[in-house]
Amino acid sequence: MRGVFVDANEALAVIMERLEKPGDPKVRIHRDPDIKPEQYPEILDGAEIAIVDHTALPTEVAKKCTGLKHVVFLGTGARSYMNPEELAELGISVHLIKGYGDTAVAESAIALMWASARVIAMMDREMRAGNWLREDGMQLTGKTLGLIGFGGIAAEVARIASGSGMKVIAWNRSPKSHPGVEFTDLDTLLARSDVVSLHLLLNDETRGMITREMIAKMKPGVVFINTARGAIVDEQAMIDALKSGHIRHAGLDVFNIEPLPADHPLTTIPNVTLSAHSAFRTPEASENLIEAAWVHCRRIVKG
């Protein structure tokens, strides 16, 4: 059984090679992170396993991938790139990797929260343009952080935020408990939180979940953080709330369209801090990610 890492950047390729063990299944590394979906059949060349970082795999393209039985997706957000149910009907299983970057993403969410509260990016832009902009920031010690969704990443965010003197409340679709975190209903969380941070997987239930009505229920002047998925939020409603000041500032790592177009409205709004879907990108997280990909490949071959 053969595998191909179809869209490897150089950093991940090097880790993939280093973590290979004697007796591992044969995995060819295609060192090009910018492939097009229509290139899948040629790159895979009949291989049974496709290791995929970020390249979309439309169902119609998958039908042309003779021999493909398994997709090892490097992360949890495969639904943003492919339809697992439709692939399953073709006999192709999609394998996800969870938990590899919980600390990395949590630290990024915290960084976006602090940068947003203190408008650091805005002052940086203005100073580089020759303007001595001095803005009042939001002091976060003593403020309430509301976490929508509570998995491994949110637990790490709660740990860091609690240590910095914030009160942490959370809502989760299934009942949970966690030391130092008060779980509440969603309306209460929205009304009480000075900062709202989103930590949900994208699926049919969560797509568009943060509606205009839900944003209106947030406390006026809220800081909004999204390191989950852009499609969970009604983007136009968020933009309108930013323009009106109902959302004081947003720290965003994920977007409906990626890469974010240069003329996108979010690039023109001053009270937004943007990062390029990079919350998970640390050497430590990459190491965890590729080790987990090898574990999947070994399990697939044995099973």
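Pull up region 248-269, narrow it to residues that are under 21 Å from the mean Cα position of the chain (by Cα) and among the aliphatic types (A, V, I, L, M), then point me to the one that is nearest to Thr55 (Cα to Cα). By that ranking, first place goes to Ile257.
Can we say Leu68 is closer than 16 Å to His296 by Cβ, in contact with an Asp or Glu (Cβ under 7 Å, 6 or more places away or on another chain) and in a loop (DSSP other than H, G, I, E, B)? So Leu68 fits the description; yes. For first residues located in region 48-63 and closer than 19 Å to Arg28 by Cβ and hydroxyl-bearing (Ser, Thr, Tyr), partners that are open to solvent by 20 Å² or more (accessible area, probe 1.4 Å) and outside any loop (DSSP other than H, G, I, E, B) and lie 6+ apart or on another chain with Cβ distances below 8 Å form the pairs Thr55/Pro37.
So that you can scan it fast, the table gives a plain yes or no per residue for (1) within 26 Å of Asp204 (Cα to Cα); (2) touching a Lys or Arg at 6+ places or on another chain (Cβ under 7 Å); (3) not aromatic (Phe, Trp, Tyr):
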{"residue": "Thr59", "(1), (2), (3)": "yes, no, yes"}
{"residue": "Lys63", "(1), (2), (3)": "yes, no, yes"}
{"residue": "Gly91", "(1), (2), (3)": "yes, yes, yes"}
{"residue": "Val94", "(1), (2), (3)": "yes, no, yes"}
{"residue": "Glu107", "(1), (2), (3)": "no, no, yes"}
{"residue": "Arg118", "(1), (2), (3)": "no, no, yes"}
{"residue": "Asn131", "(1), (2), (3)": "no, no, yes"}
{"residue": "Leu147", "(1), (2), (3)": "yes, no, yes"}
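Of all residues in region 174-214, those satisfying the criterion of being closer than 28 Å to Gly75 by Cα and of a type in the set (Val, Ile, Thr) are Val181, Val195, Val196, Thr206, Ile210, Thr211.
Could you list all residues from region 199-213 that are closer than 26 Å to Gly142 by Cβ and either in contact with a Gly (Cβ under 7 Å, 6 or more places away or on another chain) or surrounded by fewer than 18 Cβ atoms within 10 Å (Cβ to Cβ) (or both)?
Result: His199, single match.
Within region 242-256, residues that are under 10 Å from Asn271 (Cβ atoms) reach no partner that is in a strand (DSSP E or B) and open to solvent by 40 Å² or more (accessible area, probe 1.4 Å) with beta carbons closer than 7 Å at six or more positions or on different chains. Candidates are the residues of region 1-21 that are open to solvent by 60 Å² or more (accessible area, probe 1.4 Å) and not acidic (Asp, Glu); the one that is modelled with the lowest pLDDT is Met1. Residues of region 30-48 being crowded, with 18+ Cβ neighbours inside 10 Å and not in a loop (DSSP other than H, G, I, E, B), which ones? Within region 30-48, Tyr40, Ile43, Leu44 meet the criteria. Here Ala56 passes the criteria (1) touching a Pro at 6+ places or on another chain (Cβ under 7 Å); (2) assigned to a helix (DSSP H, G or I) except the one numbered (2). The residue that is most open to solvent (accessible area, probe 1.4 Å), among those in region 58-75 that are at pLDDT 95 or above and closer than 23 Å to Gly101 by Cα, is His70. Annotation: of all residues in region 232-270 being open to solvent by 30 Å² or more (accessible area, probe 1.4 Å) and among the small types (Gly, Ala, Ser), the one that is farthest from Asp187 (Cα to Cα) is Ala262. Only strands (runs of 3 or more DSSP E) whose full extent lies in region 100-216 are considered here, and the ones with at least 3 residues that are touching a residue at least 40 places away in the same chain (Cβ under 8 Å) are 144-148, 195-198. Kindly provide the set of residues from region 273-303 that are assigned to a helix (DSSP H, G or I) and open to solvent by 70 Å² or more (accessible area, probe 1.4 Å), ordered by number. Hits for region 273-303 are Pro283, Glu284, Asn288, Val295, Arg299, Lys302.
When the criteria are applied in full, Pro270 meets the requirement of being within 18 Å of Leu133 (Cβ to Cβ) and assigned to a loop (DSSP other than H, G, I, E, B). Residues that are open to solvent by 20 Å² or more (accessible area, probe 1.4 Å) and polar (S, T, N, Q) within region 76-135 comprise Thr76, Ser80, Asn83, Ser93, Thr103, Ser108, Asn131, listed in sequence order.
The values are calculated or read from the model by the stated rules, or taken from the named source; none is laboratory data. These figures come from a predicted structure and were not determined experimentally. Cβ atoms come from the backbone with ideal geometry, glycine included; neighbour counts cover every protein chain shown. When the accessible area is computed, the model is the full protein with side chains, heavy atoms only, and any ligands, DNA or RNA have been set aside. Shrake-Rupley method; radii C 1.70, N 1.55, O 1.52, S 1.80 Å.
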